[in-house]
Amino acid sequence: MYKLYYYPGNANLAPHMLLEELGVPYELVLVDRDRNAHTSPEYLKLNPNGRIPTLIDGDLVLYETAAICLHLVDRHPEAGMAPPVGTDARAEFYKWLVYLTNTLQAELLTYFYPERLTDDAGAAAQVKAHAERRVGGMLDLIESALARNTDKGRGPYLLGENYSAADPYLLMLGRWTRFMQRPARERMHLGHHLALIAARPAVQRAFESEGLQEPLY
Ligand SMILES: N[C@@H](CCC(=O)N[C@@H](CS)C(=O)NCC(=O)O)C(=O)O
């Protein structure tokens, strides 16, 4: 049985939604950030970055959210949460997952923790404002890609007609923008995408078991 170390609404949410979609047995283990459990010696043995999440799969201890998602889709290919290896669609899947984790998620971390980049409170406020603008540009890019899919009659997911693990990943990151001046959901195609993914029973189960409250995204 898988074990997923989590804190409500953190980066664990993407693999959590995926585990629910896959319908495989797993256990959630709370890392209580309110008590700094993510920096405890026990947790650092699993994830020396002190970041959430971590997945345990037998002897495998895996951190980095996108790596966890890739591992889960590969372990359960029959669920079709990623296109077959070696196809053009698989390459598009890699592109989106890497863009989400490496570009959008990284910028969101700057937005949430600007004080890590400067000692000056005024500069931190500026860093936060710049990060918010940059996140907005990235969401606009995703909006354009979804709009192009729709124009070609291939929607509504990042990969067109096929739902993949990249979609709940996007919902997780879109959710993190919900208190920004212009949240992800305010873009037409992106708003439709997020609503569609949030309505999936597997996603609702994950949100509910993490105890997430409205607004959900
Ligand atoms: N690249 C990492 C980032 C994970 C990450 O930053 N998680 C946040 C929660 S969403 C965290 O653990 N923050 C604690 C900290 O930075 O001290 C991943 O995708 O797993």
Matching residues, the range 62-116, being small (G, A, S) and within 14 Å of the chain's Cα centre (by Cα): A66, A67, A106
What is the one condition in (1) in contact (Cβ under 8 Å) with a residue 40 or more places away in the chain; (2) more than 12 Å from the ligand (Cβ to nearest atom); (3) aliphatic (A, V, I, L, M) that V61 does not satisfy? (1)
Just for the range 5-45: of the residues that are aliphatic (A, V, I, L, M) and within 12 Å of the ligand (Cβ to nearest atom), which one is nearest to Q105 (Cα to Cα)? A11
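Scan the helices (runs of 4 or more DSSP H) fully inside the range 140-217 and keep the ones with 1 or more residues being of a type in the set (K, R).
Working: elements: 166-176, 188-198, 201-209.
It comes to 166-176, 201-209.
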Quick check: is even one residue across the range 55-62 over 22 Å from A198 (Cα atoms) and either at pLDDT below 95 or out of contact with any helix residue (DSSP H, G or I) (no Cβ under 9 Å at 6 or more places or on another chain) (or both)? yes
Which residues, counting only those in the range 47-70, are touching a strand residue (DSSP E or B) at 6+ places or on another chain (Cβ under 7 Å) and under 18 Å from L171 (Cβ atoms)? I52, P53, I68
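Have a look at D119, D140 and point out the one that is over 23 Å from R200 (Cα atoms), within 20 Å of the chain's Cα centre (by Cα) and surrounded by fewer than 19 Cβ atoms within 10 Å (Cβ to Cβ).
Residue meeting the stated conditions: D140.
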Filtered residue count, the range 93-115, keeping only those that are surrounded by fewer than 18 Cβ atoms within 10 Å (Cβ to Cβ) and more than 16 Å from the ligand (Cβ to nearest atom): 1
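The values are calculated or read from the model by the stated rules, or taken from the named source; none is laboratory data. Note that the structure is a prediction, hence the values are computed from the model and not measured. Cβ coordinates were reconstructed from backbone atoms using ideal geometry, including for glycine residues, and neighbour counts include every protein chain displayed.
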